[in-house]
Amino acid sequence: MANYIIGIDAGTSIVKSVLFGAGGVELLCVKRPVNLIFPSPGRVEQDMNEVWNSVFYSIKQLIDEASVNAEEVDAIAVTAQGDGMFFIGDDGEAVGNAINWMDGRAMDMCMKWQEDGTIDKIYDILGSSPYPGTFLCLCSWLTVNDPARLKSAKNICMCKDWIKFKLTNDITMDDSHNELADIAKREVSPELMELLGITGLKEKIPPFKTALENQAPLDKHIAGQLGLRSGIPVFGGPFDIIACAIGAGNVNEGDACAVLGTTCMVEFSQTTANSSPHNIGYTLMHSKPGHWMRAFGVMAGTPNLDWAISNFGHTYEQAAKENGTSIYEEIEKKIALLPPGSEGLIYHPYISPAGERSPFIKPTAKAQYFGIGSQHTTDHLLRAIYEGVSYSILDCFDSFEGRVSELRVTGGGAKSRFWCQMIADIIGIDVVVPAGNELGAKGACLVASAALGLYPSLNVAVEKCVQIKERFVPIEENHKIYKKYYKLYKTIITQLWDAWDERAGLFISSPK
C-alpha cells in the first residue's frame, strides 16, 4: 500500500478504526464499544447514531494519536457486521433503532417457510438459507407485520452501508452480501423479490455494486471534522465475513478460514456458484472476480464462553487478578490438564436467541450440556465449551464438498494457542494463524488497495500483505479420540431435533 489507508470494522459490540501502512502493516487501532438493545424477548436492536458516533470518534482518535501526516491517508475502507437492517430517513438521519442480525422476531415466519417449502425456493435462487435476522427475512416480516416502520424510511440497508453513507452522503450496497440476488447471475432477482412479497421495497433498497467499485468521495464537512483530505475515496464493503477471509489470505479455490468471534463463520473459496448440499450454509459473492464463497455461520462462537465466564467464572477472574494474567490464560491453564472429551461431557453451542443457522437451520435450537456427572467441575464445563465450538466448526467442514489442506483461523479466539491446537486436533488438518489482529479491516483495505491500483490485483495484494504467524499440526492421538466424541455430538443433535421445537412451544405458551 502507498501511504496509508484507514480500515473500519464495525462489529456487533465493538467498532474498530485501524491505520494500515505500506505492505498492509497494522500501525494503530482504536476501539469503541457499541451496545446491544433488547426491547423485548427475542428482539435485538442497536442505536444507529451510537454506531455512527463510535465510527466517527474512533477515526478522529486514530488521526489524533497516529504519528503520521493525515494528508497522506489515501482512502477509507469500511467493513461491518452483516444482515440486520438499518433505516435512513428523507433527511439522511436514522429512523429509530437498527435491527441487529441476532434478532429473532421473524422466527415464526422462518419456521413456516421451512414447513411450506419456501426455504427451498429461496435457496434455489440465492444459494443461501435465511435465518430470522437476515436482511431478506426482515424485509418480508416487516412488510407484513410492521409496514409503518418501513414506510418511515427512505432507504433500508445494512451496517456498512449506513457508515459509508454517513461518510459520503452516497447510499449504495456492496454485492458481497446481496441477499436479494440470483447468486449464479450475481444480480438482484425479481423472482426472489416476488416470492418474498417485497417488490414494493424496490425504491427503498439502494443499488448494489461490487466491492471493487463501491466507492464515493469523503464528504467535505466530515473530512474537515476528522482532519482528513476532502474527496479521498471511501469504500463500502466487503462485509465482515468476506473481508476477514481476504485479510486472512482466502482468495483462491480451496482456501478455507474460520472467524472465531461473536459468530463462528467457516468459509471456503470456490470458482463456481455451487451451493450444494441443498439448504445448508450460504453462497456469497467473493470480492475476487469470478469467485464465490461457501460459508457456514454458526450463530454463536465466543459468546458461549462469555456466558460461562459471567455465570461461573469468578474463580478464574480472581486467579487472573492475583497472578496479573488474563482470565483466558487461567481458564486454559486449568482445562489443559483435562483429557480430550472432557471426561464424557459434551456441549452444543447454540446459545443465540435466534437458534442456529449453520450447518443447519433450526431457530428453536438451544445450547445444552450432555453427560454431567458428579466428577465434573467448572473446569470440565469450560473445556466442553471450547470443544463444543470446535465441533461446530468440524460440522461445517462436513458440509463442504471441496478439498481443503489447511484452515486459517482469525478472530478473538485465534489469540488462544490452546484453542487453535484443539481445533487442529478435532478437524485433523493444520490450523494456520495469520499475522495481525484486525484482519476484517485489513481485508477491506486490501480490496481498496487493489481497486486504487496500488496492486495489480487482489491476489497480488494478498501475496504482498498477508503473512503467517503460527501453524498448528494435529496430534493424531487426540484426533482419534475427538472423532468418537464428535460422532456422539452429532447423534445428540438428531435426537434433540423435535425436542427443541417442543421446548419452544412450552416456553412461548408459559405464563409470564
Which pairs, out of K112/K483; K366/K415; K288/K480, put more than 32 Å between their alpha-carbon atoms? K112/K483; K288/K480
Nearest-0.05 FRET efficiency for K151 and V25 at R0 = 41 Å, using Cβ-Cβ distance, is 0.30
DSSP-loop GluC sites (Glu not before Pro) across region 194-289, with at most 16 other Cβ within 10 angstrom: E203, E213, E253
Cα convex hull of the chain - mean projected area over all directions, nm²: 23.2 nm²
In whole percent, what relative contact order does the chain give with Cα contacts below 8 Å and a gap of six or more residues? 15 percent
Provide the percentage of antiparallel DSSP beta bridges, counting only those with both residues in the chain; round to the nearest 5. 75 percent
Contact order normalised by residue count of region 50-137, Cα under 8 Å, 6+ apart, percent: 24 percent
Rounded, prolate or oblate: which one fits region 438-502, using the alpha carbon gyration tensor with axes a ≥ b ≥ c (rounded when a/c is under 1.5, else prolate when a/b beats b/c, else oblate)? oblate
Using a simple spin-label model with points 7 Å from Cα along the Cα→Cβ vector, what separation in nm is obtained for V144 and K121? 1.2 nm
Would you mind pulling out the separation of the Cα centroids of region 201-235 and region 383-456, in Å? 30 Å
Fraction of antiparallel bridges per DSSP, region 4-237 only, in percent to nearest 5: 70 percent
Note: N69 to Y369 extended length (0.36 nm per residue) minus current alpha-carbon separation gives 102.6 nm
If a/c stays under 1.5 just call it rounded; otherwise compare a/b with b/c (prolate if a/b is bigger, oblate if not). Do that for region 4-237, with a ≥ b ≥ c from the square roots of the Cα gyration tensor eigenvalues. prolate
MRE, 222 nm, helices only [DSSP H, n ≥ 4, -39500 (n - 2.57), over the chain, to nearest 500]: -12000 deg cm²/dmol
Additional length obtainable on full extension of the chain from I492 to T271, 0.36 nm per residue less Cα span: 76.1 nm
Taking 41 Å as R0, compute the FRET efficiency from the Cβ-Cβ separation of S326 and R229 and round it to 0.05. 0.55
Compute the distance from the alpha-carbon center of region 1-28 to that of region 353-375, in whole Å. 35 Å
Let me know the Kirkwood hydrodynamic radius for region 196-333, please, with Cα pairs as the basis and the value in Å to one decimal. 18.9 Å
Once the Cα atoms of region 382-512 are picked out, what are the Rg and Dmax in Å? 19.7, 63
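Only the coordinates and a few stated rules stand behind these numbers; no lab work does. All values derive from a computational prediction rather than experimental measurement. Heads up, the Cβs are rebuilt from the backbone with ideal geometry, glycines too, and the neighbour counts pull from every protein chain shown.
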